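Everything below concerns the one structure shown next.
The values are calculated or read from the model by the stated rules, or taken from the named source; none is laboratory data. Keep in mind it's a predicted model, so treat the numbers as computed, not measured. Here the Cβ is made from the backbone with ideal geometry for all residues, glycine too, and neighbour counts use every protein chain on show. What goes into the accessible areas is simple: the full protein's heavy atoms, side chains included, and nothing from ligands, DNA or RNA. Shrake-Rupley method; radii C 1.70, N 1.55, O 1.52, S 1.80 Å.
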Amino acid sequence: VCVKSGRVSVFAQGTAETDELAAGRTLKGLVLTSNQQADLTRSNLEIIKSIVEKPELLSIPIETQDFSFKRTPVTQVFEVLEKAYGVKIIYDEELISKCSITANLADEPLFEKLNMIVGAMDATYESIDGQIVVNAHGCE
C-alpha cells in the first residue's frame with residue numbers, strides 16, 4: 001500500500017488469529033500518511049512501514065515550495081523538506097546547529113536532495129519506520 005495523500009490504516013487479516021484479535025479490538029496495524037508505504041511479509045503477517053521509493057511533493061501552494069537556499073541552517077532546510085513532502089526528518093538539532101547549506105535543490109527528488117545535504121555535512125541518513133533519520137557529526 002502506498003499513500004499519496006491523506007491517512008490510511010492498514011492491518012493484516014485472513015487467519016484465525018487475526019480474526020480473533022480483530023474481534024477483541026487488539027489487532028495491531030499502522031497508520032500511513034503521505035509518501036509512506038506498507039509492505040506485508042506473508043510468512044509471519046508482519047507489516048513494515050517505509051517511505052515510498054519516489055516521494056512526491058504534497059499539494060501545497062507553489063509559492064511555499066522554494067528549495068533555493070543561501071547560507072541557510074540545515075535545520076531550516078529539513079523543516080522545509082518535512083513540510084513539502086510530509087515526511088518526518090529526525091536529527092540531533094544541537095549537533096547540527098552550526099551547519100548551513102547553499103544550494104538550489106528545486107529540480108531534485110527528495111532522496112537526491114537529502115544526498116546533497118548530508119554529503120555537504122559529511123553525514124548519512126537512513127529510512128526507518130517511514131521516517132528519515134540523519135546521522136551527523138556536526139559542523140564547525
Share of the chain's accessible area from carbon and sulfur, percent, 1.4 Å?
-> 48 percent
Would you tally the net charge around PHE111, using a Cβ to Cβ cut-off of less than 9 Å, leaving PHE111 out, and scoring K and R as +1, D and E as -1?
-> -1
As a check on your grasp of the helix formula, calculate [θ] at 222 nm for the chain: sum -39500 (n - 2.57) over DSSP H runs of n ≥ 4, divide by the residue count, round to the nearest 500.
-> -7000 deg cm²/dmol
Over the chain, cysteine residues that find no other Cys C-beta under 4.7 Å are CYS2
More than 23 Å apart - percent of Cα-Cα pairs taken over the chain = 44 percent
